[in-house]
Amino acid sequence: MCYQSAGGRPPAEALGSNLNPKTGQPTATQIASRCGLGRGAPLACQYMHGNARSPAASLPCENSTDALPSEGKKRRRDVTNRPPKCLNRQAFTLGADLDRDVRALTEEWGTEDALRRLWQKDESLWTGADENNWMGWLDIVDHELTRIAEYRNFGDEVRRETFSDAVLLGMGGSSLGPEVLADIFGSVPGYPRLRILDSTDPAQLRATEEAVALDKTLFIVSSKSGSTLEPNILKDYFFERVKSLVGAERAGGRFIVVTDPGSSLEKTARVAGFRRIFHGDPSIGGRYSVLSAFGLVPAAAIGLDVGRLLDDARMMMRSCGPDVPAAENPGVHLGLAMGAAERQGHDKVTIVTAAKISGFGAWAEQLIAESTGKDGRGLIPVDGEPLGPPEVYGRDRLFIQLRLGGANEPRQEAALAALEEAGHPIVRIDIASLNALVQEFVRWEFAIAAAGVVVGINPFDQPDVETSKVRTRELTSAFEEARELPADVPVIAREGIELYTDRSNAEALRQAGAGDSIESWLRAHFDRIRPGDYLAILAYVARSSAHREVLEKARLALRDAKRVATCLGFGPRFLHSTGQAYKGGPNSGVFLQITTEGGADLTVPGRRYSFGVVEAAQARGDFDVLAERGRRVLRLHLKTDITAGLESIVARTRQALG
């Protein structure tokens, strides 16, 4: 066992008398030896949050594998050679002005007893609305630890059935947390591989179907409300497909549901004879639900040891407890830095991760955007944007790096060092091992709750997400009546590309020089980008590596030319993530939406509309709400081959930028 003293090191008596003669403290080699980590142990074992004076720093760093049943050791996923369990450290290089504001906020939190009020679920800490009704995430780890046997039994059941794949049908918080677990940890041999389907794009749906054997696949239908459009129509589609292969009586055995108690989805599942129904906690919003059944059921299905996941999470939860001062509280300190950064205009939170944990960025992106982006305020998360030299950035960034112990990424380190030298604020979080990444779910949940206090918003609602859903329902209902979507006329059409926008944007762009070419409209649109703005590409195409690679070219060309933050989202996935901030956050976004004619469509069982129609309605609804909110937005519609069309957009973007 390794121990952490108040200074973040093992006590001297645990290491013998051979201390560093200059400091009187144990050497790094001694720490490494005692902790059983080898070189690099100080990164994994020290609690380093500023000066590391937290009471939480005295928690023992115990190697939890000693406490696990032998059966669990043999079979369940132990992703790495687990180091002793210690807190991931973080360090801040914020600059004098921002550091001063963070210090003032930490003092303020102490005098106002803010942390205790947070733990007491006191809604007056935020806006005095219904925040207290959405804080079940504070208690969820201890609650879920009482359900370990249930999750393990379910995992054993899945293993016995020899499913080859598990496909999770869900959106937003119901899918992004499980996606992190699947991408980073993978599945245990003998358990199914987990795939996430969070799109209505027919090509992406078809690619998922073709990648699995339907009769050997477990489908996890995940929706808190039970009424979310996408998982319901995806469930209907795959249920019919499975039923055609194994028969109506056996089809239900391939489906489970994760939903809040009493939802319409639960009722449907009972009627259809689904294998299992797991309940979520109604007092937890989707983006805070990864450590509830919404994350743990998929984790158990692929053989991950849910007990270990929760054990790692509990360590960070206790370190963010009500008795840990804000300056030494890992989650609150990060959140106060984010909130102070937003006040000073550093509102583009740029997430930089080690390659092996890149999937975490999408989860954090949703948490930040959907929690803070409302009432004209908020933080804009920037995920997946490759690092560049200091000269391609404005002064509106806050970089947060997640480093992985043992990973060697010299280019990333060199780029961040240059940005730090140029005066950009940077937070560095060191993650001891892949297993320790689970701690970050807790840190970031606390951080965003604390940032919401500073920004002055309710971090637990998402008022603008529903607006797009309503518009989509209106359009799909119109299609069912008229068998077509309402007519939409392009402002210009050239060489297989149609360009659409609303009247207000069209008039502004014509006055700015938009004429008889696509490039002239793009040039006028991009010329509206101002310092402190961000550019978001919203692509309603299959989320494939090939499409991403092409669109990244346009993204980086725009960042480098305009020196603004850039975001890339795939629809309709981003609607349940960053869509809230784009519509409800600061009016600093410039949007380029991309839609396509699409290929072969797929019908939705029991409906007159198809998946292609749903995707088109979602894009139209998204665009309409952006335009109604006064956002600067254009839509490019590809009439030709998608890949060729995307390459054409890249070429035209570069031409427009000169």
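The values are calculated or read from the model by the stated rules, or taken from the named source; none is laboratory data. Please read these numbers as outputs of a predicted model, since none were measured by experiment. FYI the Cβ positions are ideal-geometry reconstructions off the backbone, even for glycines, and counts take in every protein chain you see. To get the accessible areas, we keep the full protein, side chains included, count just its heavy atoms, and leave off ligands, DNA and RNA. Shrake-Rupley method; radii C 1.70, N 1.55, O 1.52, S 1.80 Å.
At-a-glance table
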{"quantity": "Test: residue in the range 169-190 that is touching a residue at least 60 places away in the same chain (Cβ under 8 Å), part of a strand (DSSP E or B), surrounded by 22 or more Cβ atoms within 10 Å (Cβ to Cβ) and in contact with a Phe, Trp or Tyr (Cβ under 9 Å, 6 or more places away or on another chain)", "calculated": "yes"}
{"quantity": "Tabulated pairs, the range 381-392, first closer than 15 Å to A369 by Cα and open to solvent by less than 10 Å² (accessible area, probe 1.4 Å), second assigned to a helix (DSSP H, G or I) and of a type outside the set (F, W, Y), C-beta under 7 angstrom, 6+ apart or interchain", "calculated": "P381/A364; P381/E365; P381/I368; P381/A369"}
{"quantity": "Filter result for the condition that a residue is modelled with pLDDT under 95, surrounded by fewer than 19 Cβ atoms within 10 Å (Cβ to Cβ), under 30 Å from A561 (Cα atoms) and out of contact with any Pro (no Cβ under 7 Å at 6 or more places or on another chain), over E413, E409", "calculated": "E409"}
{"quantity": "Unmet requirement for Q618, which otherwise passes all of (1) of a type in the set (S, T, N, Q); (2) open to solvent by less than 10 Å² (accessible area, probe 1.4 Å); (3) within 23 Å of E495 (Cβ to Cβ)", "calculated": "(3)"}
{"quantity": "Odd one out for T162, checked against (1) among the β-branched types (V, I, T); (2) more than 30 Å from Q462 (Cβ to Cβ); (3) open to solvent by less than 60 Å² (accessible area, probe 1.4 Å)", "calculated": "(3)"}
{"quantity": "Criterion (within 22 Å of S164 (Cβ to Cβ), in contact (Cβ under 8 Å) with a residue 40 or more places away in the chain and surrounded by 24 or more Cβ atoms within 10 Å (Cβ to Cβ)) met by exactly one of V290, V258", "calculated": "V258"}
{"quantity": "Test: D516 is farther than 30 Å from A327 by Cβ and either outside any helix (DSSP H, G or I) or without any contact (Cβ under 8 Å) to a residue 60 or more places away in the chain (or both)", "calculated": "yes"}
{"quantity": "Tally of residues being open to solvent by 20 Å² or more (accessible area, probe 1.4 Å), touching a strand residue (DSSP E or B) at 6+ places or on another chain (Cβ under 9 Å), in a helix (DSSP H, G or I) and touching a residue at least 40 places away in the same chain (Cβ under 8 Å) across the range 209-236", "calculated": "2"}
{"quantity": "Selection count, the range 107-128, where residues are of a type outside the set (D, E, K, R), more than 25 Å from the chain's Cα centre (by Cα) and open to solvent by 20 Å² or more (accessible area, probe 1.4 Å)", "calculated": "5"}
{"quantity": "Criterion violated by G598 - all others in (1) at pLDDT 95 or above; (2) surrounded by 19 or more Cβ atoms within 10 Å (Cβ to Cβ); (3) out of contact with any strand residue (DSSP E or B) (no Cβ under 7 Å at 6 or more places or on another chain) satisfied", "calculated": "(1)"}
{"quantity": "Lone qualifier among R510, R528 - being open to solvent by 50 Å² or more (accessible area, probe 1.4 Å) and among the basic types (K, R)", "calculated": "R510"}
{"quantity": "Entirely in the range 416-510, the strands (runs of 3 or more DSSP E) that have 2 or more residues that are over 28 Å from the mean Cα position of the chain (by Cα) and free of Cβ contacts under 8 Å to residues at least 40 places away in the same chain", "calculated": "492-494"}
{"quantity": "Checklist (1) at pLDDT 95 or above; (2) open to solvent by 10 Å² or more (accessible area, probe 1.4 Å); (3) touching a strand residue (DSSP E or B) at 6+ places or on another chain (Cβ under 9 Å); (4) acidic (D, E) applied to E440, failing item", "calculated": "(2)"}
{"quantity": "Those residues of the range 340-361 which are out of contact with any Gly (no Cβ under 8 Å at 6 or more places or on another chain) and of a type in the set (G, A, S), in sequence order", "calculated": "A340, A341, A354, A355, G359"}
{"quantity": "Condition check for T127: part of a helix (DSSP H, G or I), touching a residue at least 40 places away in the same chain (Cβ under 8 Å), more than 26 Å from T217 (Cβ to Cβ) and of a type in the set (V, I, T)", "calculated": "no"}
{"quantity": "All positions within the range 395-415 that are part of a loop (DSSP other than H, G, I, E, B), within 24 Å of the chain's Cα centre (by Cα) and within 23 Å of L558 (Cβ to Cβ)", "calculated": "D396"}
{"quantity": "Inter-residue pairs, beta-carbon under 8 Å, first within 17 Å of G571 (Cα to Cα) and in the range 620-631, second at pLDDT below 95 and of a type in the set (D, E), 6+ apart", "calculated": "R620/D488; G621/E474; V625/D464"}
{"quantity": "Yes/no for L558 being modelled with pLDDT under 95, of a type outside the set (D, E, K, R) and crowded, with 20+ Cβ neighbours inside 10 Å", "calculated": "no"}
{"quantity": "Failed item, numbered, when V392 is tested on (1) in contact with a Leu (Cβ under 8 Å, 6 or more places away or on another chain); (2) over 16 Å from V454 (Cα atoms)", "calculated": "(1)"}
{"quantity": "Residue count, the range 300-327 (criterion: acidic (D, E) and open to solvent by 20 Å² or more (accessible area, probe 1.4 Å))", "calculated": "2"}
{"quantity": "Residue list for the range 561-581, filter: of a type outside the set (A, V, I, L, M), closer than 18 Å to D396 by Cβ and either open to solvent by 10 Å² or more (accessible area, probe 1.4 Å) or assigned to a strand (DSSP E or B) (or both)", "calculated": "K562, R563, T566, C567"}
{"quantity": "Residue within the range 583-591 that is closer than 25 Å to D527 by Cα and part of a helix (DSSP H, G or I) present", "calculated": "yes"}
